[in-house]
Amino acid sequence: MLTVDIVSDPGAFVALKDDWNALAERFATPLHSFEWFDAGWNAFGEGRKLATFVVRESGRVRAIAPLMVERTFGIPRLVVIGRETAEPNAILYADDASLAALVDGIVRYPVPLWLNRLRDESPEMQSLQAATSARSGPFFSNPRNTATASVSIVGTWAEFEQRMTSQSRQTLRRKTRLAERSGPVRLEVISPDLSNVDDALHQVFLVEGGGWKGRNGTAILSDPQILKFYTDYGRKAAELGILRLHLLRVGDAIAAVRMAVEFANSLWELKIGYDEQFAKWSPGAVLAHETIRHAFEQGLSGLEFLGRAEYWQKHWPVVTRPYSAIRYYPRSVTSILALGYDGCDLLARRVGGKWFPQRSRFLQKEEFANPS
């Protein structure tokens, strides 16, 4: 028999580690691992309450929803742990029956549910849609530009380059030649351990935050909680031996950096940044091209860009996966208050977009011009 309980004690949460990672293996992504959510709780849990839903059968863990309760003006919501990273959300389950039991437990909880990035047409999305329809509570799915892009690494590097457009090949070769005017261009890949991970991460964070991200306040070093998360997760990844830091060097200078993990024979990009003195030759794009070349050499099977799919990633033959934001409001006084607040917030955002369209267009162009 499947049973559902809610883990709210941090000690009980940590005790789930082994069962959690055993369950996460079937999803082949680091974004489902216990280490990812443990770092998320450590960084973002202050002032919030753990509410991790766990399905068990005869004592075995069969499904997990890594959620917590946060409050806005006193109004509670169920949100995924670490949502501040803006990465795709995770729900773990062993089979359809355990997923159904997990979702049923979530929608019975008398607090609105917010998931900002759930995979379209996934079993999780379909199960939530079915369960919320049966409960007759308001359910909203909002498709947005939150797809992720990935590159499949098959065949040879030469064959891969032939699958790129001739314009993209010419553009990247031209940019690389421009870079070489300042010195030899080479990719350095660091796999730090616990003895040197802090120094290596700090080096990456300094470059990542040295340009437009730092000015806009979106760099890792600009936010103490974000810094705590990526430092903590970086240490955990280094201890597991999966952390990969990529430095694109031009002569002795570091032009661009990437923080990534190698997991399930794929490379998963977490953060990327570059030194603005090299901006004229798009160091982020050159770094990505050299990283893909390195992935071929290492026999990996893919590169996951994560974040949000960006225009500049179309240099390569990418595949995109769409995600949607969902909102569910169970029948309760809390939901009435949440619906009222969320409606006013949505109206304010739309009015802001109407009255300040030039800002929206500028940010869009900036995102396309600066790989992040």
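The values are calculated or read from the model by the stated rules, or taken from the named source; none is laboratory data. Keep in mind that this is a model prediction, so the values were computed, not measured. Cβ atoms come from the backbone with ideal geometry, glycine included; neighbour counts cover every protein chain shown.
Among the candidates LEU178, LEU172, the residue that is in contact (Cβ under 8 Å) with a residue 24 or more places away in the chain and over 27 Å from LEU300 (Cα atoms) is uniquely LEU178. Just checking, does segment 103-113 include any residue being in a strand (DSSP E or B), assigned by TED's automatic domain parsing to the domain that holds TYR341, closer than 20 Å to LEU339 by Cα and without any contact (Cβ under 8 Å) to a residue 24 or more places away in the chain? There is no residue in segment 103-113 that is in a strand (DSSP E or B), assigned by TED's automatic domain parsing to the domain that holds TYR341, closer than 20 Å to LEU339 by Cα and without any contact (Cβ under 8 Å) to a residue 24 or more places away in the chain.
What about ASN116, is it assigned to a strand (DSSP E or B) and either closer than 30 Å to HIS289 by Cβ or touching a strand residue (DSSP E or B) at 6+ places or on another chain (Cβ under 8 Å) (or both)? So ASN116 fits the description; yes. Test ALA63 against the stated conditions and say whether it is touching a residue at least 60 places away in the same chain (Cβ under 8 Å), in contact with a Leu (Cβ under 9 Å, 6 or more places away or on another chain) and not in a loop (DSSP other than H, G, I, E, B). When the stated conditions are applied, ALA63 does not pass them.
Just one of the listed residues (LEU221, LEU201) is surrounded by 14 or more Cβ atoms within 10 Å (Cβ to Cβ), free of Cβ contacts under 8 Å to residues at least 24 places away in the same chain and either on the phi < 0 side of the Ramachandran plot or not assigned by TED's automatic domain parsing to the domain that holds SER266 (or both), namely LEU221.
For segment 224-253, the set of residues classified as more than 13 Å from VAL189 (Cβ to Cβ), of a type outside the set (Ser, Thr, Tyr) and either assigned to a strand (DSSP E or B) or free of Cβ contacts under 8 Å to residues at least 60 places away in the same chain (or both) consists of PRO224, LEU227, GLY234, ARG235, ALA238, GLU239, GLY241, VAL250, ALA253, listed by residue number. Of the set (1) closer than 22 Å to GLY82 by Cα; (2) at pLDDT below 95, all apply to TYR233 but (2). Would you mind finding the one in GLU262, GLU269 that is assigned by TED's automatic domain parsing to the domain that holds ARG181, closer than 23 Å to GLY214 by Cβ, at pLDDT 95 or above and assigned to a strand (DSSP E or B)? Among GLU262, GLU269, only GLU269 is assigned by TED's automatic domain parsing to the domain that holds ARG181, closer than 23 Å to GLY214 by Cβ, at pLDDT 95 or above and assigned to a strand (DSSP E or B).
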